[in-house]
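J.: The following block contains the structure, expressed as structure tokens.
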Amino acid sequence: MSDGRMVGMSARVASAAGLEADVPEAPVVDARTVDVRVGVATVAACPAADVFQQGCMSRRVLEALADKWSLLVIHTLAIGPGRTAELRRRIGGISEKMLIQTLRRLERHGFVLRRSFSEVPPRVEYALTPLGASLSEPIRAFDAWVERNMAAVVDAQRTFDGREE
């Protein structure tokens, strides 16, 4: 674990996802004994995952997911694997740079698998890992909730914006 990676995926998990990949086996991690560098700050170990503890590593995972692009990428990949251009077409308004950054962040946390094909021209495809797939249902439910409740949100915004301070 010298590269600081916390989450990996075994070839067995990739195979279970129907994907062929040469991915190293991830080490077993005990959150009580891990101290990971994030940028210049050190994330403290916490006895149990607790997103309300400032230094807990679980907050870093929450930060990676609490982003509109992450939510939309996971929702889109729940439909099926895709190449970068396909994903950009499906997710309106995302730049190529932001898409790649989001995919890399999700891959690092074990939610997305990048599969590279040895072809000319080179081809790369992204898919959800089993961990990412387990997130897709609550994310799709959240997206549906947002769409169902947009009228109420807009009414609340109008009420808020119209009141006198």
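The values are calculated or read from the model by the stated rules, or taken from the named source; none is laboratory data. Since the structure is predicted, the reported quantities are computational estimates derived from the model, not experimental observations. As a convention, Cβ positions derive from the backbone with ideal geometry for all residues, glycine included, and neighbour counts pool all protein chains shown.
J.: Give the residue, chosen from V51, V73, that is at pLDDT 50 or above, within 30 Å of W145 (Cα to Cα) and surrounded by 16 or more Cβ atoms within 10 Å (Cβ to Cβ). Can you show your working first?
T.: Numbers: V51 fails: surrounded by 16 or more Cβ atoms within 10 Å (Cβ to Cβ).
Unique residue meeting the criteria: V73.
J.: So which residues in the range 76-94 are of a type in the set (K, R) and more than 24 Å from W145 (Cα to Cα), if there are any at all?
T.: If the condition is that a residue be of a type in the set (K, R) and more than 24 Å from W145 (Cα to Cα), then R83 is the only one that fits.
J.: A follow-up question, please. Only one of these conditions is not met by R115: (1) touching a residue at least 60 places away in the same chain (Cβ under 8 Å); (2) closer than 24 Å to R59 by Cα; (3) not hydrophobic (A, V, I, L, M, F, W, C). Which number is it?
T.: (2)
J.: When the residues of the range 94-126 are narrowed to those that are at pLDDT below 95 and hydroxyl-bearing (S, T, Y), which ends up surrounded by the fewest Cβ atoms within 10 Å (Cβ to Cβ)?
T.: Taking the candidates together, the pick is S118.
J.: For the range 111-130, does any single residue satisfy the condition of being within 20 Å of V146 (Cβ to Cβ) and among the small types (G, A, S)?
T.: No, that holds for no residue.
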